[in-house]
Amino acid sequence: MQIITAKSRVLDVPRIWARRPLTIDGDARLRLESDGEVSVLAPVRPRFLGRFRDVRYERVGRLEPRLTAVMAPLLAERRRVRVRLVDVPAPFERAAEPAIWVSVWGDVEMARVRPAGGSRPRALAG
């Protein structure tokens, strides 16, 4: 896995996330939407009898456009991606405008370079 971005701000965060509990280094997920946007999902555990229910993921916001251009092809190909919440202010500091930052890692293959002239690579004689 290679780092794609160390810290990127999540855009269009709904105000409901100003009071929800989020932790630094918390798990998150990415989802490719039908309009080409990449949504960030964070885990939410129900408060009432939360121990007995599975964790569900809700939309936190969307990635920046420059990062969406990189991540959309990776998600379309179903490559492995790791997303972590790297900077989350305390709930009382998020009251005015919720701000959440994520770190994204993924399986990015290096492009294979073909030799000039389109010839096939040959083994070195030795």
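Laboratory data are not the source of any read-out in this text; all were calculated from the coordinates shown. Quick caveat: nothing in here was measured; it's all calculated off a predicted structure. With ideal geometry, Cβ positions are generated from the backbone for all residues, glycine too; neighbour counts draw on all protein chains shown.
The overall shape of the stretch 1-97, judged from the alpha-carbon gyration tensor, is prolate: a/c is not under 1.5, and a/b is greater than b/c.
Along its first, second and third principal axes, ordered by size, the stretch 57-101 spans 39, 19, 17 Å in Cα coordinates. Using the Karplus relation 6.51 cos²θ - 1.76 cosθ + 1.60 with θ = phi - 60°, the per-residue 3J(HN,Hα) values for the stretch 79-85 come to 7, 6, 9, 10, 10, 10, 7 Hz, with x marking Gly and Pro.
Among the chymotrypsin sites (Phe, Trp or Tyr not before Pro) in the stretch 1-95, those placed in a DSSP loop whose Cβ has at most 12 other Cβ atoms within 10 Å are F48, F92.
Residues whose amide H lies under 5 Å from that of T5, counting only those 5 or more places away or on a different chain, are V104; hydrogens are built 1.01 Å from N in the peptide plane. Using the Karplus relation 6.51 cos²θ - 1.76 cosθ + 1.60 with θ = phi - 60°, the per-residue 3J(HN,Hα) values for the stretch 11-23 come to 9, 6, 7, x, 5, 4, 6, 5, 10, 6, x, 10, 10 Hz, with x marking Gly and Pro. Of the trypsin sites (Lys or Arg not before Pro) in the stretch 1-72, the ones in a loop by DSSP (not H, G, I, E or B) with at most 13 other beta carbons within 10 Å are R19, R47, R53.
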